[in-house]
1. Go through (1) away from every other protein chain (no Cβ under 13 Å); (2) assigned to a loop (DSSP other than H, G, I, E, B); (3) within 19 Å of B:Val351 (Cβ to Cβ); (4) not small (Gly, Ala, Ser) and name the single condition A:Asp8 misses.
2. Of B:Ala157, B:Ala200, which residue is within 14 Å of another protein chain (Cβ to nearest Cβ), more than 25 Å from B:Arg246 (Cβ to Cβ) and modelled with pLDDT of 95 or more?
3. Out of everything in the range B:173-186 that is in a loop (DSSP other than H, G, I, E, B) and away from chain A (no Cβ under 11 Å), what residue ends up being modelled with the highest pLDDT?
4. Take the conditions more than 24 Å from the chain's Cα centre (by Cα) and within 14 Å of chain A (Cβ to nearest Cβ) and apply them to B:Glu333. Does it pass?
5. Which one of the conditions (1) more than 14 Å from chain A (Cβ to nearest Cβ); (2) surrounded by 22 or more Cβ atoms within 10 Å (Cβ to Cβ) does B:Arg303 fail to meet, given that it meets all the rest?
6. Would you check which residues across the range B:197-210 are more than 16 Å from the chain's Cα centre (by Cα) and more than 19 Å from A:Trp212 (Cα to Cα) and list them?
7. Looking only at the range B:403-437, which residues are surrounded by fewer than 21 Cβ atoms within 10 Å (Cβ to Cβ), over 18 Å from B:Gly350 (Cα atoms) and within 11 Å of chain A (Cβ to nearest Cβ)?
Number of protein chains: 2
Amino acid sequence: MHNEVWNDHLNPVAFLERSSFVYPDKPAVVYGSLTYTYAQLHERVNRLAGALRNAGVVKGDRVAFIVPNIPAMLEGHFGPMAIGAVLVAVNTRLATREVEHIINHSGAKIIVFDSEYASTIRDLKDKLPNVTLLVQVVDTSPHADDIPGPDYETFLASAPEGQHREQLDSELDTIAINYTSGTTGLPKGVQYHARGAYLAAMGEIIESGLNWRSKYLWTLPMFHCNGWCFTWAVTGIGGTHICLRRVDPIDILSLITEQGVTHMCGAPTVLISMYSSPAAEGQDLRGLTIVTAGAPPAPVVLRAMESMGATVLHAYGLTETYGPHTMCEPQLEWDSYSPTEMALAKSRQGVPYIQAHTGMRVVDERMQDVPLDGQTLGEVAMRGNNVMSGYYNDIENTNKSFAGGWFHSGDLAVWHSNGYIELKDRAKDIIISGGENISSQEVEKTIMEHPGVLEVSVIGVPDDKWGEVPKAFVVSRDGASITADEIISFCQDRIARFKAPKHVTFGNLPKTATGKVQKYILRNQEWGNQQTRIQGPGAK
Amino acid sequence: MHNEVWNDHLNPVAFLERSSFVYPDKPAVVYGSLTYTYAQLHERVNRLAGALRNAGVVKGDRVAFIVPNIPAMLEGHFGPMAIGAVLVAVNTRLATREVEHIINHSGAKIIVFDSEYASTIRDLKDKLPNVTLLVQVVDTSPHADDIPGPDYETFLASAPEGQHREQLDSELDTIAINYTSGTTGLPKGVQYHARGAYLAAMGEIIESGLNWRSKYLWTLPMFHCNGWCFTWAVTGIGGTHICLRRVDPIDILSLITEQGVTHMCGAPTVLISMYSSPAAEGQDLRGLTIVTAGAPPAPVVLRAMESMGATVLHAYGLTETYGPHTMCEPQLEWDSYSPTEMALAKSRQGVPYIQAHTGMRVVDERMQDVPLDGQTLGEVAMRGNNVMSGYYNDIENTNKSFAGGWFHSGDLAVWHSNGYIELKDRAKDIIISGGENISSQEVEKTIMEHPGVLEVSVIGVPDDKWGEVPKAFVVSRDGASITADEIISFCQDRIARFKAPKHVTFGNLPKTATGKVQKYILRNQEWGNQQTRIQGPGAK
């Protein structure tokens, strides 16, 4: 009875196709003095798709991008999936060993990398058995001549003529894998399907109020949950992407003025850097909407940004929920709130995004809803179109994370009587430092490899600049004499620098009767009464 | 590999569930002095669902509503589908015979009707073999005591306690059937699936710029394509529905002011009635967005509404495309257009809505795209999520309308070089005079420029020499005295002489509920039995 023509997949690629048809001559992406119109972006994406196919990439193959927020990274959000392949956008701050794990675990066939990261590729290139081609994007760093493979522009030029689009078999096919540290040491590959990505982008358009005149500034890395799906949302609405290679408050503020930026995203630390900058003096940010996440915006942050005219929206989610899952939706009665009441209201993580429907609960250990009393602590659980299909090649963790049919965020929250959640704590072994997730277990495992270490426990401790930083409590082996500096540089050689502990102390560890380290005792020592930290979308 | 939790149907019912969770105390619907909050609306819908189930309605059953734009009609857009049943919203202006056909063809089990239409029900009630229950909504007309069955409020009260929601088997299940006259005599039942309705609503939110503060005035009948899916869109965004039993320009203008209406829809004739009303004097319509369709808004209509401050968006579609399928999207370069250039640009039907992707073409008889030259006439064809699944119990017409895999609109258009379509006529509204094609719309646009003309409709009438010639039916402005000769020479000065009407009469125009001119009535007067029509979204 149903006509077959309904079969029009929800796929972000359709957004680019429509916008290149409706807005062919409109700027799609601006990067310094470079502008591509939607027709040009579409053509470049088509060439990328064709070049990938020509290089042997077929439906379902993984293509890794190690590229900052420049146009090539945006193109990477359409080219692979246009032929049914899968984007693996790699965090550019990771250490070589982590990149190696991600490339090999994902089985990526091709790596597109920016010359800035040539040294990582140089170190790795003989340890990547599945990789058949390295493509080098030359932008601000010189071409690394010793690394074989075409540069990106030559690669695009190699595409055969014609259109290279292929339909997915199902809109639940994976189009992106985003690696996240999660609670275990090794990054897990969070799979996004086309349907979820499409709907999350529709949700961002609606919740952040994007329209065809919008100009979106790329302060949030595209490798974080595909830029909270704004890569697809801004393209869908026919807005303009303003690329930004490196986050710098002076650049941000001048681009906002020069380009007429209407939207941007970032953790509160990005906002702090903006209003603390001397360039903030006299800035008029009316017409700018900022979606912030990663931590609740403190009253002083809200006041500072809003006194400059900006609108701040507070969202929350995880890599497993395509970035944002909840929005702290404003209410009519808030219009009469005092600044203090408003700051309190806005500090909560809120309610599900429109496309997330009612797919969020706060539950106890038996998966029963906790009372909506603003008091009882429970775990935030999600399900629906806005939740990943599972971890790539990791049935065990997938099943574990979906116990009881809901995704377990590991974040602890109370549920207020108005249905808004407020995060109180989270999986205790995750440290958020400057917006990046650090698994304390991963740091612990690394330190344990040091021959002089008997035992170790790592927690996050307060830090004025980064919010929190890792601190290691080390029990030395008998007779070993190790220094703090030694532990720190040992880590810096093995994992991303930002994951290395900033502080190290030596001594015994507090333990339970069964021998489990009592991290909360260490935490209480370090934090005292200070608020503990919470988690936001895409924090790695 | 995919986790099962993805399985979250796209279903408009999810919109109400989320809004009642996020905005429980916010006004969902206002009707005169009556207001229901979202929590109340959800509870009433739940009771409607429970009462229907209690009355024997099961998944897939049809439930007919013959109710004007009052809260019960809005509730009808959620209650049946909450238990997987199908809404048949019947045009309240139809003749008894047509209602009989719709009820019996759809096999509706239950009819919910407003007492105003008691006489129709009285005439019909013994000719409806499938109907097991009549439910009477008592509002402005007295209760018809001779018609058996509970009144609507008693019916709601009969619902068993508890939640009555049932999941669909598939999001492609039909949730609404909208009967449309089409080109044949008997109305055909256009089937909407949950997925299409959900996505069309998302599209309306985005394209018309709805947000949580929006207040939508119900000038467009909800029985037309389910109110172009604004029934679901406004609910989804958590806006407020302002109900309006009868379209009257004075009521419209006063509600806009009193309620702070931000959005409404209507054919250009509704706009004409607004600015021609004495109540329009001094009206400030800034902040009001109007989506108009059914005919291109004439320059004078745009000028009049925009001089009052309103923003007019021009959309186009059919019942078969959930209402709007294209939007005349504004472009950056239009910012520098003169009023004349702007009126020309805005008179085109435009490009597909965001959720319609690129599912529209203008094709010749062999299903090849016509050139994008703004000259070559072709038929508008659509496909995708925004197109019906088929006509209910009518394989033959379904197959015919989807010949070649695309839905055939029957509308003739040219395709401009920028991808915008411009409707020239219905196939049957083209006047062929002495072998030359004349677009009746072009003649109408010309006549509308005459300062003494309020409204006009042009059709072809029999002529011995030319086969047919254009005839104009003119509604003069109050106080204007114009002659037929004056209209004819006005046209001869502006368009090809053969396109100028040969005959002009003055008087009122027959119209549909949305205010669209019923050309077939004029045509029947002139030609006898030949039945044709012009079509826009929701034309019945």
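1. Of the numbered conditions (1) away from every other protein chain (no Cβ under 13 Å); (2) assigned to a loop (DSSP other than H, G, I, E, B); (3) within 19 Å of B:Val351 (Cβ to Cβ); (4) not small (Gly, Ala, Ser), the odd one out for A:Asp8 is (1).
2. Going through B:Ala157, B:Ala200 in turn, the sole match is B:Ala200.
3. Restricting to residues being in a loop (DSSP other than H, G, I, E, B) and away from chain A (no Cβ under 11 Å), the top hit is B:Leu186.
4. yes
5. (2)
6. Answer for the range B:197-210, where residues must be more than 16 Å from the chain's Cα centre (by Cα) and more than 19 Å from A:Trp212 (Cα to Cα): just B:Tyr198.
7. Once the filter is applied, which keeps residues that are surrounded by fewer than 21 Cβ atoms within 10 Å (Cβ to Cβ), over 18 Å from B:Gly350 (Cα atoms) and within 11 Å of chain A (Cβ to nearest Cβ), the range B:403-437 yields B:Gly404, B:Gly405.
Each row is one residue, and each column tells you yes or no for (1) modelled with pLDDT of 95 or more; (2) within 14 Å of another protein chain (Cβ to nearest Cβ); (3) under 25 Å from the mean Cα position of the chain (by Cα).
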{"residue": "A:Arg18", "(1), (2), (3)": "yes, yes, no"}
{"residue": "A:Val30", "(1), (2), (3)": "yes, yes, yes"}
{"residue": "A:Gly76", "(1), (2), (3)": "yes, no, yes"}
{"residue": "A:Gly84", "(1), (2), (3)": "yes, no, yes"}
{"residue": "A:Thr96", "(1), (2), (3)": "no, no, yes"}
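The values are calculated or read from the model by the stated rules, or taken from the named source; none is laboratory data. Small disclaimer: the values here were computed from a predicted structure and weren't measured. Because the Cβ atoms are built from the backbone with ideal geometry, glycine has one as well, and the counts that use them run over all protein chains shown.
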